[in-house]
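Data block below; observations after.
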Amino acid sequence: MSNDIRARLTGVHAIGRVGGGGRGGAAATLGTLAGRVAGQIADALDMAGRDGDPQGGGGGHAGVLPADLYGVDREAEALAGGLGASPADTVRLAAALHAFTEECAAELAARPAAFTVERIAGIVTRVAGSAPTVPETLAAIEQATRAIGRDR
């Protein structure tokens, strides 16, 4: 299927490998989180009836903590470390990343298609390029979050 989410996952994971802060900065972090969300949504949509199993054969949720399904806190710590953020700034970055991830999940659940993944990737690339300071990074994450939810 040409509009399968999985067809675009590599593009999302490749977002922002070059930039300011951490392992590529906000763009890389947002791309990683969006890719995780897309992967989980794709897996969830594929759960029912996989290989003729009426009970579903999907998986990938073993050992996952529901409070942080996408590893947002780990990504926030890495981003904060790259930015030299204070503990308070780390908490603010985590909150912003959780909001971004929730928005991605809502958008991908509402429109589970490759064009949605491409749209999110475009927003991340456009908004979260190089943000070398904590305030700039927070602003970029919040702008990306608002942009994703704007059309829903």
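Worth pointing out:
- An oblate overall shape is assigned to region 62-129, the ratio a/c of its alpha-carbon gyration tensor axes (a ≥ b ≥ c) being 1.5 or greater and a/b not exceeding b/c.
- Whether region 94-133 is rounded, prolate or oblate, judged on the alpha carbon gyration tensor where a/c under 1.5 counts as rounded: oblate
- HN-Hα J in Hz across region 109-121 - Karplus 6.51, -1.76, 1.60, θ = phi - 60°, x for Gly and Pro: 6, 6, 9, x, 8, 4, 5, 5, 4, 4, 4, 4, 4
Read-outs: derived from the displayed coordinates by stated rules, not from any lab. No experiment lies behind these values; they were computed from the predicted model shown.
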